Amino acid sequence: MRAIKHKLLFNPKPATIRANDIRAPAFIRNIMSESDQAPAFNRPRLVTKKVPAKLQHEGDGAVVRRGIGRSELKSLDPFLMLDDFSVAPPAGFPDHPHRGFETVTYMLQGGMTHQDFAGHKGTIRPGDVQWMTAGRGIIHSEMPAGDGTTSKGLQLWINLSSKDKMIEPRYQELLKEDIKRAESDGVEVRVIAGESMGVRSPVFTRTPAMYLDFTLKPRAQLHQNIPEAWNSFVYVIEGEGVFGSPNSSSAAAHHVLVLSPGDGLSVWNRSSKTLRFVLAAGQPINEPVVQYGPFVMNTQAEIDRTIEDYQHCRNGFEMAKNWRSQ
C-alpha cells in the first residue's frame, strides 16, 4: 500500500535480521485458565517493546498509522510493515508495483477495490481478507469503494525467502463468512492464518505464520500458544488490555507490542470495554533484507535489477507496458 507515481526516491540501507535459536513446540493449543495467576505456559511471552503507530501520509491523499516499518521498529522478521489505514475517496493507493514479499489486507470498515495488470479485480468488504503473493512482480491499485465512506483496515507485509521471491504471483481471498471463528468464555477469535481454539485457517502461508483477530469482553482472559521459534507481535485495534504478565501495565489502541521468546501469550481485559487486537507470529527467514520502497530483495544488485525490470517492463512486469487501472 505504498504507491509510486513516477520514480523511486529513497534507498534504505540493508538490514540483516537474525532469528532466536529456540526449540519449537510440537503443537499449538489454546487454554483458558481459571485465574490471573494460573501458569499457562512454561515460558510466557512478555512485552519487550511498545511502539505507537504514528500517522503519516501515503499513496494519493491517504493516511495510515504505521506501526512496523518506521524508525522505532523497522521490521520484525519476517514482518516488514504494518499499516492501520484510513482512506476516503478521492484519496487512495493508485497504480504501484511490488516484488519479493506478500501483502495481507484485512478490512475493518468500508471497502477497497483492487485491480492489477493481469486483469484481477475485486472489492473486499469488512471482515474480508486478501492475501496477495507479489512474488516476481505485480502492479496494482487499491482504492476505496463506495460514495465517500471512509474505508479502514490493516495491511501487513510479510517477507519471502530468497527461494520464493521470484515465484509467480497469486491471491488467496476469503470473505468474512469463510473465515473460521470460535468463541469461549468471553473470548472470540477469527482465524485468518494458523490455528486457535481448535479451528484452523485454510490459508497457505508460504512463510510460516499465524494471524489471529481476538475480541475479549470485559474481565475475559486468553492464553494462546505460539511456536517458540517464531517472532510475534500484537496490534491493539480497540480498547486496552494487559499482555504477557498479570502485573504488566495496560496497552491501549494503536500500539504495536513486540513480544519476547516463549511458548505462548496471556492477555487480560480488566476494563469495562471490549478489547480487540490482532496477534501475528511468523517463522524468521534470517536472510539479509534490502528494501527499496515496494521492492524487497536480498542484495543491492537484486534491487538494481528489479528497478530495471520495472522500468523496462520485463521479468515479471511485462504486462505493465500498456496498463493503467480504471
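Can you run down the residue pairs with Cβ atoms below 7 Å, 6 or more apart or on separate chains, where the first is in segment 273-284 and on the phi < 0 side of the Ramachandran plot and of a type in the set (K, R) and the partner is in a loop (DSSP other than H, G, I, E, B) and buried (at least 19 other Cβ atoms within 10 Å of the Cβ)?
Cβ pairs passing all conditions: K273/G239; R276/G239.
Among the residues that make up segment 144-157, is at least one of them open to solvent by 20 Å² or more (accessible area, probe 1.4 Å) and within 24 Å of D77 (Cβ to Cβ)?
No, segment 144-157 contains no residue that is open to solvent by 20 Å² or more (accessible area, probe 1.4 Å) and within 24 Å of D77 (Cβ to Cβ).
Suppose we keep only residues that are part of a strand (DSSP E or B) and among the acidic types (D, E) within segment 125-179. Which one would you say is nearest to E102 (Cα to Cα)?
That would be E173.
Restricting to segment 274-325, give me the number of residues that are of a type in the set (G, A, S), open to solvent by 30 Å² or more (accessible area, probe 1.4 Å) and in contact with a Ser or Thr (Cβ under 6 Å, 6 or more places away or on another chain).
1
Can you tell me which residue in segment 50-105 is most open to solvent (accessible area, probe 1.4 Å), limited to those that are among the charged types (D, E, K, R) and not in a strand (DSSP E or B)?
K74
Just give me the residues in segment 208-222 being over 11 Å from W131 (Cβ atoms) and in contact (Cβ under 8 Å) with a residue 60 or more places away in the chain, in sequence order.
Result: P208, M210, L212, D213, F214, T215, L216, Q221, L222.
Considering only segment 207-229, I want to know if a residue exists there that is open to solvent by 50 Å² or more (accessible area, probe 1.4 Å), modelled with pLDDT of 95 or more and assigned to a loop (DSSP other than H, G, I, E, B).
yes
Within segment 179-188, identify whether any single residue is under 21 Å from F204 (Cβ atoms), of a type outside the set (D, E), touching a residue at least 24 places away in the same chain (Cβ under 8 Å) and touching an Asp or Glu at 6+ places or on another chain (Cβ under 6 Å), and answer yes or no.
no
The values are calculated or read from the model by the stated rules, or taken from the named source; none is laboratory data. From a predicted model like this one, the values you see are computed outputs, not experimental measurements. Because the Cβ atoms are built from the backbone with ideal geometry, glycine has one as well, and the counts that use them run over all protein chains shown. Calculation scope for accessible area: heavy atoms of the full protein, side chains included, ligands and nucleic acids excluded. Shrake-Rupley method; radii C 1.70, N 1.55, O 1.52, S 1.80 Å.
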